[in-house]
Amino acid sequence: LLFLTMSNQRIYVQRTKLFTPEASAYFLTLAEPKHFDSSDELGSYSLTVTLDPEENGEFIQSIEADAEELYTEYAQELGKPKIGRRPSITPMKDEEDSEGHATGMVHFKLTTKAHRRRNGELVAVSVPVVDTAGKVVPKEVLKRMTRGTKVVASFDLSGYYMAGQFGTSARLRAVQVREPVFRDSDPVDDFSGLNTEGFTVDSDASDMDFA
C-alpha cells in the first residue's frame, strides 16, 4: 500500500503493514521504552534482527526495492528528478564483529516512539508483543528475553528527508515471539545469598523529610 500526501510542505511516502521473516533478535527494547537522555521525553521501543542474506535474500531485496521506489516517489513530489540520499537508504546495515570486520550477516532495525504529543499532552504508544497463540507477553517475561530470541515483526517502511538526505526507516508495529531465549537469571538475583542486613525500603521511606 502507498500513502502519499502533502501537508504544510511535508511529504509522506510509505509502505504499510510489512512483515519480517522469522529472525533472531540482536537487540530488543520492548518491555519498557528507552530514553536516550533527559531531553528525550518521548522515548522509543526498538528491535534489531539479524538476517542471513542466503536465507532472507528475498526479503532484503524487497526492502531495497521498496526503498528505491519511495525515493523516486519522494523526488517526484518535490518536482525533481533526483534528490540527495544517504549512502544506504534502507534501515539495514552489514553486521560487524568486535574488530569491525563484516560477518556476512545483515542487521535490520525497527523502532517507534513510545509517546506522541496530542493536544499538548504526551500519549503512550503501545507495541503489542504476542506469543504464537496471540496472547500478550507480560512485561516481566519480556525483560528476561535476550539476544537470539526468534521473532517476526510487522512494520511500516517510511521515507524521510533530513539535512538534504533521503532515507527510510522501519516503524515497529507489533512483534510475535516464536522462540524465546531467556537470560540465565534476573540481575536482581546477583545479590541472593549475600549479607542482607542493612538498608531496607519500608512504607515510611517515601515520607522521609530531607529538608
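Conditions: (1) more than 30 Å from residue 66 (Cα to Cα); (2) modelled with pLDDT of 95 or more; (3) open to solvent by 90 Å² or more (accessible area, probe 1.4 Å). Residue 182 meets all but one. Number of the miss?
Single failed check for residue 182: (3).
With respect to residue 104, is the statement that it is under 21 Å from the mean Cα position of the chain (by Cα), touching a residue at least 40 places away in the same chain (Cβ under 8 Å) and at positive phi true? Break it down stepwise before answering.
Working: under 21 Å from the mean Cα position of the chain (by Cα): no; touching a residue at least 40 places away in the same chain (Cβ under 8 Å): yes; at positive phi: yes.
Taking the combined requirement at face value, the residue does not satisfy it.
Have a look at 24, 38, 62, 98 and point out the one that is outside any loop (DSSP other than H, G, I, E, B), over 24 Å from residue 165 (Cβ atoms) and either out of contact with any Gly (no Cβ under 7 Å at 6 or more places or on another chain) or at pLDDT 95 or above (or both). Walk me through it before giving the result.
Working: 38 fails: outside any loop (DSSP other than H, G, I, E, B); 62 fails: over 24 Å from residue 165 (Cβ atoms); 98 fails: outside any loop (DSSP other than H, G, I, E, B).
When all the criteria are applied, what remains is 24.
How many residues are under 30 Å from residue 178 (Cα atoms) and exposed (fewer than 15 other Cβ atoms within 10 Å of the Cβ) when one looks only at the range 28-41?
Here is the first cut: in the range 28-41, the residues under 30 Å from residue 178 (Cα atoms) are 28-36.
Imposing the further condition that a residue be exposed (fewer than 15 other Cβ atoms within 10 Å of the Cβ) reduces the set to 32, 34-36.
Number satisfying all stated conditions: 4.
With respect to residue 73, determine if the residue is assigned to a strand (DSSP E or B) and open to solvent by less than 70 Å² (accessible area, probe 1.4 Å). Write out each step before concluding.
Working: assigned to a strand (DSSP E or B): no; open to solvent by less than 70 Å² (accessible area, probe 1.4 Å): yes.
It is false that residue 73 is assigned to a strand (DSSP E or B) and open to solvent by less than 70 Å² (accessible area, probe 1.4 Å).
Tell me, which residue of the range 153-164 that is more than 12 Å from residue 28 (Cβ to Cβ) and open to solvent by less than 70 Å² (accessible area, probe 1.4 Å) is farthest from the chain's Cα centre (by Cα)? It would help to see each step written out before you state the result.
Initial filter on the range 153-164 (more than 12 Å from residue 28 (Cβ to Cβ)): 154-164.
Now restrict to residues that are open to solvent by less than 70 Å² (accessible area, probe 1.4 Å): 154-160, 164.
Numbers: 154: 11, 155: 9, 156: 11, 157: 12, 158: 13, 159: 16, 160: 16, 164: 24 Å.
Only one residue fits best here, namely 164.
Consider the range 124-152. How many of its residues are closer than 16 Å to residue 33 by Cα, among the β-branched types (Val, Ile, Thr) and either open to solvent by 50 Å² or more (accessible area, probe 1.4 Å) or touching a helix residue (DSSP H, G or I) at 6+ places or on another chain (Cβ under 8 Å) (or both)? Steps first, please.
Of all residues in the range 124-152, those closer than 16 Å to residue 33 by Cα come to 124-129, 137-146.
Of the ones still in play, those that are also among the β-branched types (Val, Ile, Thr) are 125, 127, 129, 137, 141, 146.
After this cut, where a residue has to be either open to solvent by 50 Å² or more (accessible area, probe 1.4 Å) or touching a helix residue (DSSP H, G or I) at 6+ places or on another chain (Cβ under 8 Å) (or both) as well, the list is 129, 141.
So the answer is 2.
Output the residue which, of all residues in the range 76-101 that are without any contact (Cβ under 8 Å) to a residue 12 or more places away in the chain and of a type in the set (Asp, Glu), is most open to solvent (accessible area, probe 1.4 Å).
Result: 99.
When the residues of the range 107-123 are narrowed to those that are within 26 Å of residue 163 (Cα to Cα) and of a type in the set (Val, Ile, Thr), which ends up most open to solvent (accessible area, probe 1.4 Å)?
111
The values are calculated or read from the model by the stated rules, or taken from the named source; none is laboratory data. Predicted model, so just to flag it, every value in this text is computed and none were measured. Please note: Cβ atoms are built from the backbone with ideal geometry, for glycine as well, and neighbour counts cover all protein chains shown. What goes into the accessible areas is simple: the full protein's heavy atoms, side chains included, and nothing from ligands, DNA or RNA. Shrake-Rupley method; radii C 1.70, N 1.55, O 1.52, S 1.80 Å.
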